[in-house]
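Notes for the one structure printed next.
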Amino acid sequence: VVLTVGGFAAYIAWSFAQSSIDTVGKVDFDRPLVIPPLAESTVDPSGVRTFDLTMQAGESDLGRGAPTPTWGFNGSFLGPTLRATRGEQVRVNVTSRLGETSTVHWHGMHLPASMDGGPRQPIQPGGRWSPHWTIDQPAATLWYHPHPHGETAKHVYRGLAGMFLLDDANDVALPKTYGVDDFPIMVQDKAFDGNQLDESHGLFQSTGILGDTVLVNGTPGAFLQATTERVRLRVLNGSNARVYRFHFDDNRRYAVVASDGGLLPRPVLTDELLLSPGERAEIVVDVRPGDRTVLQSAPPTGDGNRFTGGSDRLDILELRGATTLAPSPPLPSELAPAPDLADDVIGATRSISLSGTRTNFGKMDMGRVDIVSTLDTTESWTVTNADGQVHNFHIHDVQFQVIRYAGGPPPAVLAGWKDTVLIPNGASVELRMRFTDFADTQSPYMFHCHLLRHEDEGLMGQFVVARPGETADRIEVSDHAD
Ligand code: C2O
Ligand code: CU
């Protein structure tokens, strides 16, 4: 793979370089896609919107003939979709009925570190945690999932994950009726041992679990019956380790309209899209009456190396068109302002390398702050995938702009706000971001690889946001439940 020929070429070359292993079993699409319910909420007289989430164990029908022991929020598997509007104050009462300490992290959310739900905000068995904050960022598809120190992979794999949708006043004409023409699509691959989720699958494989069964919103072999001319699919890669190359089996093109942090500047037409764990993309797909097409993860077409992470052909979801389709608005040509940090004065330049189970700062250490960022300053972080493995990079609290991608400008699908980015093998990416609002040198946020085994094993670090002139070399670790 030549990584010096420009970002887009490298991105495509990287996707083709993933080895072809095999085609994983044919899927009968015989179950209607489950749409997670919108979470109920109450709004008090002061305008605070409150949600209740209970983490619990249960059993789920995952198509194994016998029920599968699973975990979920307010149910046995996954969780309801939370939804709030920019400017609203929200509170989430999280109760744990699990037998293990966990946390709930709001992935992609701009909020104080003490509300973030990372490893520093443990919820004990039987415990309760009620973070609250004000939504202050553009409309976006975010998600929530546990983030306990060293145990994230297991808790997410058992089923704890849900979507968190944000709305704003930018009323762009896209399909927007939840469950009618606007659908959450949470994609997770699972390995089974009989009817049990196989948690030890791939134990000796550094990537982590790569399963051969794909669940969408917890549904195996799902079909989605479209009743409109266009559908908006809010695709979340909620898998532990797998990178998907989303593609329809009839090669149809679709429009990518949003990435992690919200709408792209303009739609990007494509027939394939890479999403690594934790990343989101909203796509708009044209539907024809009577349509049948299968959303797959396509294997590479070139020669492979022995690189794992997204190389199987996997059937994901069948999209069906009803015989008559209700009209949809035409796709707008402009969607949202582009990120604008490229010409900023840079207040700090940092280099982070990802290798094995550590960054250049070392393995994750709850007592060590790796980066002290300055409030209201634009920073440039260059992040390098320094070994032969699959890594991506996620930063809490902010959405960043990708400035350089593997030696070139970012591909168009990375031209919007992002919180997680796949880093090609051996390549670097330059990210720019501004930390605003929440200076607190005693309360770190996390940055890490979102392949959950890597994260758990130490490929994670902590940063704090300081006021100009403040330092922070020691932090209290007493809130750490180890
Ligand atoms: Cu989605 Cu630090 O996580
Ligand atoms: Cu990694």
Only one of Asp136, Asp116 is in contact with a Lys or Arg (Cβ under 7 Å, 6 or more places away or on another chain) and not assigned by TED's automatic domain parsing to the domain that holds Leu264; which? Asp136
Can you pull out every residue in the range 74-90 that is in a strand (DSSP E or B) and within 15 Å of Val43 (Cα to Cα)? Leu82, Arg83, Ala84, Thr85, Gln89, Val90
Criterion first (over 16 Å from Glu455 (Cα atoms) and polar (S, T, N, Q)) does Thr359 satisfy it? no
Select, from Pro409, Pro424, Pro468, the only residue that is closer than 30 Å to His201 by Cα and more than 16 Å from ligand 1 (Cβ to nearest atom). Pro424
Residue check, Val398 against (1) touching a Gly at 6+ places or on another chain (Cβ under 8 Å); (2) in contact (Cβ under 8 Å) with a residue 40 or more places away in the chain, all met but one. Which one? (1)
Restricting to the range 341-364, count the residues that are touching a residue at least 40 places away in the same chain (Cβ under 8 Å) and assigned to a loop (DSSP other than H, G, I, E, B). 8
Give me the residue from the range 427-465 that is within 13 Å of His396 (Cβ to Cβ) and among the hydroxyl-bearing types (Ser, Thr, Tyr) and, out of that set, nearest to ligand 1 (Cβ to nearest atom). Tyr445
Can you name the condition, by its number, that Gln188 falls short on among (1) more than 16 Å from ligand 2 (Cβ to nearest atom); (2) among the polar types (S, T, N, Q); (3) assigned by TED's automatic domain parsing to the domain that holds Val90? (3)
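Residue-wise test of (1) more than 16 Å from ligand 2 (Cβ to nearest atom); (2) not polar (S, T, N, Q).
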position: Thr374; (1), (2): yes, no
position: His391; (1), (2): no, yes
position: Val413; (1), (2): yes, yes
position: Lys418; (1), (2): yes, yes
position: Asp456; (1), (2): no, yes
position: Gly469; (1), (2): yes, yes
Can you pull out the strands (runs of 3 or more DSSP E) entirely within the range 190-290 that have at least 3 residues that are within 29 Å of Gly72 (Cα to Cα) and in contact (Cβ under 8 Å) with a residue 24 or more places away in the chain? 213-216, 222-228, 230-237, 244-248, 273-275, 280-286
Looking at the range 326-340 only, could you name the residues that are of a type in the set (Gly, Ala, Ser) and surrounded by fewer than 19 Cβ atoms within 10 Å (Cβ to Cβ)? Ala326, Ser333, Ala338
Pull out all pairs, ordered by first then second residue, where Cβ-Cβ is under 7 Å, the residues are six or more apart or on different chains, the first lies in the range 445-473 and is touching a residue at least 24 places away in the same chain (Cβ under 8 Å), and the second is basic (Lys, Arg) and within 16 Å of ligand 2 (Cβ to nearest atom). Gly458/Arg358; Gly458/Lys363; Leu459/Arg358
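The values are calculated or read from the model by the stated rules, or taken from the named source; none is laboratory data. Everything numeric here is computed off the predicted structure, so don't read it as measured data. A quick note on method: Cβ atoms are made from the backbone with ideal geometry, for glycine too, and the neighbour counts reach across all protein chains shown.
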